[in-house]
Amino acid sequence: MGFQYINNLPSPEEIKDRFPLPAEFKALKLERDQAISDVFTGKSDKFLVIIGPCSADNEDSVSDYVNRLTKVQEKTKDRLILIPRIYTNKPRTTGEGYKGMLHQPDPEKKPDMHEGLIAIRKMHMKVLTETGLSTADEMLYPENLTYLDDIMSYIAIGARSVENQQHRLTSSGCDVAVGMKNPTSGDMSVMLNSVVAAQQPHDFTYRGFEVKSSGNPLAHTILRGAVNKHGQCIPNYHFEDLYLLHEMYGRRNLANPACIVDANHSNSNKKYKEQIRISKEVLHSRRHSKEIHTLVKGLMIESYIEPGAQKVGDGCYGKSITDPCLGWDDSERLLYEIADLI
């Protein structure tokens, strides 16, 4: 075979036993889950902002960032629910480059998945216990969900994973909101098919067991832009795109029609400062149309302490080593503007 077996990895139960979440934070996490659920079901008119670094590469700078975020959350708590992006595994278009803290706890050292599993749990826990903000991460590897499921309040399925059967079925067993991104082709029907699958109960195999899921009524869509056959980015955050998605939802029997707009990726053509303009345009569309106001429940924004991006090893504290991000000053200002505009 072409595999070299390197290490037996600890089970999720073993990791949770070594690094348990204190009881008071379990209760806090459940409160956050309910508050987020209430947004998707329409019981709350608060607006979600899933915000943070493209990749959570360093525990100290990520913790620093989320502590800053906490102050904004306190001032906007009557209007916004801020969910810190703690993305610890990164899909790579060509398979090359930094694949996240799960693979490399230290981006400048060799991969170590054993230490990576410990590092990602400790970082997610540190964020929750220091700030009271439960987290979001991308479910790149469905079998790793249960290492973090007691900490996360939001899960994203990426554009390259959204058509995958195991991602869809695992999402159907999650008890928190799961966002399905449109595929890189931009086909909204593929994204909605994933929501249909995730909202239904299923029998399937998971981590060596036969399991049964109950379906996830909080599964929803995320618009992140597309790439055409010429490699050009095609945005899908405009009024017409949002209204089309509203109409497509109307032709399907789905619970809690909802959309999050990803302001970066192919929507911004990775021009990170455009996230400010895109966010404001989406909010304008919400004000203009009651249907879009009801559909669009939040924004996803890539943001860190320092603006832009750097190469691994450049050593700038709080600056992304993957996609470029908004810096803190612009991010803080934008969050207050979002609170005023919703």
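The values are calculated or read from the model by the stated rules, or taken from the named source; none is laboratory data. Please read these numbers as outputs of a predicted model, since none were measured by experiment. Cβ: placed from backbone, ideal geometry, glycine included. Neighbour counts: every protein chain shown. Remember, those area values only see protein heavy atoms, side chains included, never the ligands or the DNA or RNA. Shrake-Rupley method; radii C 1.70, N 1.55, O 1.52, S 1.80 Å.
With a sphere of radius 12 Å drawn around the Cβ of residue 103, what net charge do the other residues whose Cβ falls strictly inside it have (Lys, Arg +1; Asp, Glu -1)?
That sum, taken over residues with Cβ under 12 Å, equals +1.
At 222 nm, what helix-only mean residue ellipticity would the chain give, in deg cm²/dmol to the nearest 500, using -39500 (n - 2.57) for each DSSP H run of four or more? Present the calculation step by step, with values, prior to reporting the outcome.
Numbers: 10 runs with 129 residues, N = 342.
Helices in the chain give a 222 nm mean residue ellipticity of -12000 deg cm²/dmol.
Label residue 211 and residue 166 with points 7 Å out from Cα along Cα→Cβ: what is the distance between them in nm?
About 1.2 nm, to one decimal.
Kirkwood hydrodynamic radius of region 153-264 from all distinct Cα pairs, in Å? Intermediate values should be presented prior to the final figure.
On the way: mean 1/r = 0.0703 Å⁻¹.
Every distinct Cα pair counted, the radius reaches 14.2 Å.
For residue 240 and residue 341, what does the FRET efficiency come to when R0 = 22 Å and r is the distance between their Cβ atoms, rounded to the nearest 0.05?
On the way: r = 20 Å, r/R0 = 0.92.
The formula returns an efficiency of 0.60 here.
Within 10 Å, Cβ to Cβ, of residue 262, how many net charges do the neighbouring residues add up to if Lys/Arg are +1 and Asp/Glu are -1?
So the environment of residue 262 carries a net charge of +1.
If you take the alpha carbon radius of gyration of region 103-211 and divide it by 2.2 N^0.38 Å, what ratio comes out, to two decimals?
Working: Rg = 15.1 Å, N = 109, 2.2 N^0.38 = 13.1 Å.
The value comes to 1.15.
Cα convex hull of region 222-261: mean projected area in nm², to one decimal?
3.3
In this model, which of 110/319; 212/270; 122/290; 109/297 are farther than 31 Å apart at the alpha-carbon?
212/270; 122/290; 109/297
Rg(Cα) of region 1-108 divided by 2.2 N^0.38 Å?
1.36
Rounded to whole Å and sorted largest first, what semi-axes of the equivalent ellipsoid does the C-alpha gyration tensor of region 92-158 yield via the square root of 5 times each eigenvalue?
Output for region 92-158: semi-axes of 21, 15, 10 Å.
Taking a spot 7 Å from the Cα of residue 4 along the direction of its beta carbon, which residues of region 90-110 have an amide N less than 16 Å from it?
110
For the chain, what does the relative contact order come out to in percent, with C-alpha contacts under 8 Å and a separation of six or more?
16
Arranged from highest to lowest average of other beta-carbon atoms within 10 Å per residue, in what order do the peptides 92-104, 217-229 appear?
217-229, 92-104
Give me Rg over Rh for the chain, both radii from the alpha carbons and Rh done the Kirkwood way, two decimal places.
Rounded to two decimals, Rg/Rh equals 0.94.
Per Stokes-Einstein, at 25 °C and 0.890 mPa s, what whole-number D in µm² s⁻¹ belongs to region 102-141, with the Kirkwood radius over Cα pairs as the hydrodynamic radius?
223
Within the accessible area of the chain, what % is carbon and sulfur when the probe is 1.4 Å and the other protein chains stay in place?
Numbers: 7440 of 15200 Å².
Reported share for carbon and sulfur atoms: 49 percent.
Using a probe radius of 1.4 Å on heavy atoms only, what accessible surface per residue do you get for region 1-152? Whole Å² is fine.
Accessible area per residue, region 1-152: 47 Å².
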